[in-house]
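What follows is a single structure, written as structure tokens, with notes after it.
The values are calculated or read from the model by the stated rules, or taken from the named source; none is laboratory data. Values in this document were obtained by computation on a predicted structure and should not be read as measured data. Every residue, glycine as well, gets a Cβ built from its backbone with ideal geometry; the counts of neighbours run over all protein chains shown.
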Amino acid sequence: MSRLNSPMDLHGLTLSNRIAMAPLTRCRAGQGDVPQAISALYYAQRASAGLLITEATNVTPKSCAFEKAPGIYSEAQIAGWKVIADAVHKEGGHLFMQLWHCGRVGSEAILNGEPPLSPSGINDDLEKLLVYGLMANGRYAQIAATPSRAMTTADIEETIADYATGAANAIKAGCDGVEIHAANGYLIAQFLSARINQRTDKYGGSVQGRVQFLKEVIEAILAKVDKSKVGIRLSPFAGYNNATDAESEETFIAVAKLVQSYGLAYMHLGDTNAWAGSPDMPRMLKVVKPHYTGCLIGNGGIAPDQAQQMVDNGDLDMVAFGRMFISNPDLPARIQQGGPYAEARYVGWYGGSEEGYTDYPAL
């Protein structure tokens, strides 16, 4: 049997296998961005994963790239997530919540008329930012991003506090831990990017300056949640949402050293360029592994047989599957017996109800 299907200890949390469900934006929150009961069924169906990572969850109403994505900043949202966490635990699963701030990836149309926030107000590439909204006819569609404004020092301090509060709320809701979303061109990735972050204060300039925002987010969260319950997702070299950086290798060496120094639960590498047929995982591992020795999760276009090989070879400790988990709720069992694997229907990926969400059968 491949090590992919074997149990592992994640800082005291016994995982049944080394298969994770990657965060998947599904946009089914109700009024006030409260997760709904149908999501409890969705996550419980997939609880055989060693670790479930929730869809990206906004830490503030000032963050929104996908309308109807859930939040974790209100009591009603905490209560909604508690139903989900309880359902997952009842099935023997473990749940980490991904904490999200979209930064400049947003539109005033879904931000109550307010401009999105960003490190420096760079708005020369709005056509490359992926923002989605729910149409009046019930369809989910891409909408135009609108110009962001540069964050003040007060904005930054408030946002750091929002991450910490979101982490504490996730634990209050019953989640086993949290994952800091520092990938995919969203706010933390924007601060890391030398092109998007043109600040001249302590949060910009040098690599250390651009890493400062992430450093303070981690420290604020660790003041409220034990390090064994905090992971981080990164996407070095990603083109998604255009937070590119000519100094990527230097930047992510610094980030790897930072994560190592805090002893976080895991580092989750998201290879978003693999979606477009240009995988970067070997390059990412070459940059990160000399400076980080903790649990390493890989994600992005990795097929089951490749996942088994990478875990068996020690390249990764776990592999996170995204799209395959949409249509294969019992994916670990299918991987263990070599398939078959159901193909996902595009209907219901974003928004909607049970269709394309909870109606995929198990083996």
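Here are the numbers for this structure:
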| read-out | value |
| --- | --- |
| Residue match in the range 304-323 (condition: of a type in the set (S, T, N, Q), closer than 18 Å to GLU55 by Cα and in contact (Cβ under 8 Å) with a residue 24 or more places away in the chain) | no |
| Subset of the range 257-286 [over 19 Å from TYR240 (Cβ atoms) and either of a type in the set (Val, Ile, Thr) or within 17 Å of the chain's Cα centre (by Cα) (or both)] | VAL259, LEU264, ALA265, TYR266 |
| Hits in the range 315-330 - residues which are of a type outside the set (A, V, I, L, M, F, W, C) and either assigned to a loop (DSSP other than H, G, I, E, B) or touching a Ser or Thr at 6+ places or on another chain (Cβ under 9 Å) (or both) | ASP315, ASP317, GLY322, ASN328, PRO329, ASP330 |
| Which numbered condition TYR43 fails, given (1) touching a Phe, Trp or Tyr at 6+ places or on another chain (Cβ under 7 Å); (2) without any contact (Cβ under 8 Å) to a residue 60 or more places away in the chain; (3) of a type in the set (Ser, Thr, Tyr) | (1) |
| Residue match in the range 347-361 (condition: at pLDDT below 95, within 20 Å of THR25 (Cβ to Cβ), surrounded by fewer than 17 Cβ atoms within 10 Å (Cβ to Cβ) and not small (Gly, Ala, Ser)) | yes |
| Selection count where residues are under 23 Å from CYS64 (Cβ atoms) and either outside any loop (DSSP other than H, G, I, E, B) or free of Cβ contacts under 8 Å to residues at least 40 places away in the same chain (or both), scope the range 163-209 | 20 |
| Residues of the range 87-121 that turn out to be among the hydrophobic types (A, V, I, L, M, F, W, C) and assigned to a strand (DSSP E or B), as a count | 6 |
| Sole residue being surrounded by fewer than 23 Cβ atoms within 10 Å (Cβ to Cβ) and out of contact with any Leu (no Cβ under 9 Å at 6 or more places or on another chain), chosen from ALA150, ALA161, ALA141 | ALA161 |
| Subset of the range 11-47 (residues that are closer than 28 Å to ASP226 by Cα and touching a strand residue (DSSP E or B) at 6+ places or on another chain (Cβ under 7 Å)) | LEU15, ARG18, ILE19, ALA20, MET21, ALA22, PRO23, THR25, ASP33, TYR43, ARG46 |
| Number of positions in the range 122-137 that are assigned to a loop (DSSP other than H, G, I, E, B) and in contact with an Asp or Glu (Cβ under 8 Å, 6 or more places away or on another chain) | 0 |
| Every pair of residues 6+ apart whose Cβ atoms lie under 8 Å, when the first sits in the range 138-162 and is touching a residue at least 12 places away in the same chain (Cβ under 8 Å) and in a loop (DSSP other than H, G, I, E, B) while the second is among the β-branched types (Val, Ile, Thr) and crowded, with 16+ Cβ neighbours inside 10 Å | ALA144/VAL131; ALA145/VAL105; ALA145/VAL131; SER148/ILE122; MET151/THR159 |
| Members of the range 32-75 found to be of a type in the set (Phe, Trp, Tyr), touching a Pro at 6+ places or on another chain (Cβ under 9 Å) and under 19 Å from ASP162 (Cα atoms), listed by number | TYR73 |
